[in-house]
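Remarks on the structure that follows.
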Amino acid sequence: MDQRVRFGVCLEKDLIENFDREIQKKGYNNRSKAIGDLIRDWLIQQRVTIGEKEGVGVITLLYDHDVRTTTEALLDLQHSYSERIVTTTHVHLDPHMCLEVLIVKGKFSLIREIANRLSPIRGMKQVQSILTTHQVG
Ligand code: NI
């Protein structure tokens with residue numbers, strides 16, 4: 001399962017020097033772990049671009065609580081996707097602004113659809129989403 005394969009890679013000197021500098025800043029002790037992480041991220045991105053694949057999305061919202069219709073619209077939308085939204089967390093950042101995090105499971109196309117429907121809600125300041133999957137070899 002966790003069998004490892006050693007392979008040789010030939011790259012431009014400048015490229016690998018820049019890479020070594022950057023991975024050192026990030027705290028990597030060796031290239032293998034850094035390259036493995038890059039490959040894993042890349043594989044996830046390939047799956048994410050295929051909307052039919054299943055995964056998990058973390059959608060972060062920043063909105064203005066003073067716009068009274070925002071909360072209502074947000075809750076309506078969440079209820080219409082209740083089978084896909086696993087959990088939500090709400091933080092009252094200050095007297096006006098709210099942060100909400102939604103964790104969504106399903107096809108990437110559906111996770112994107114939810115994020116896309118959140119953005120136009122009046123009072124919504126920012127919608128960001130991270131799509132990932134644990135199904136990567
Ligand atoms: Ni709040």
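The values are calculated or read from the model by the stated rules, or taken from the named source; none is laboratory data. Nothing here was measured: the structure is a model prediction, and the numbers come from that model. Every residue, glycine among them, receives a Cβ derived from its backbone with ideal geometry; neighbour counts consider all protein chains shown. Please note that ligands, DNA and RNA were not included when accessible areas were found on the heavy atoms of the full protein model with its side chains. Shrake-Rupley method; radii C 1.70, N 1.55, O 1.52, S 1.80 Å.
Laid out as a table, the results:
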| quantity | calculated |
| --- | --- |
| Test: residue in region 64-82 that is away from the ligand (no atom under 13 Å from the Cβ), part of a strand (DSSP E or B) and either touching a strand residue (DSSP E or B) at 6+ places or on another chain (Cβ under 6 Å) or within 15 Å of Ile130 (Cα to Cα) (or both) | no |
| Verdict on Val104 being within 16 Å of the ligand (Cβ to nearest atom) and β-branched (Val, Ile, Thr) | no |
| Sole residue being within 16 Å of the ligand (Cβ to nearest atom) and assigned to a strand (DSSP E or B), chosen from Thr87, Thr60 | Thr60 |
| Selection within region 101-128 - more than 26 Å from Lys53 (Cα to Cα) and either open to solvent by less than 60 Å² (accessible area, probe 1.4 Å) or not in a strand (DSSP E or B) (or both) | Ile121, Arg122, Gly123, Met124 |
| Which numbered condition Asn29 misses (of (1) modelled with pLDDT of 90 or more; (2) surrounded by 11 or more Cβ atoms within 10 Å (Cβ to Cβ)) | (2) |
| Any hit, region 43-58, residues being outside the structural domain of Leu118 (by TED's automatic domain parsing), open to solvent by less than 70 Å² (accessible area, probe 1.4 Å) and over 26 Å from Gln126 (Cβ atoms) | yes |
| Criterion violated by Cys98 - all others in (1) of a type outside the set (D, E, K, R); (2) open to solvent by less than 60 Å² (accessible area, probe 1.4 Å); (3) away from the ligand (no atom under 14 Å from the Cβ); (4) farther than 17 Å from Ile130 by Cβ satisfied | (3) |
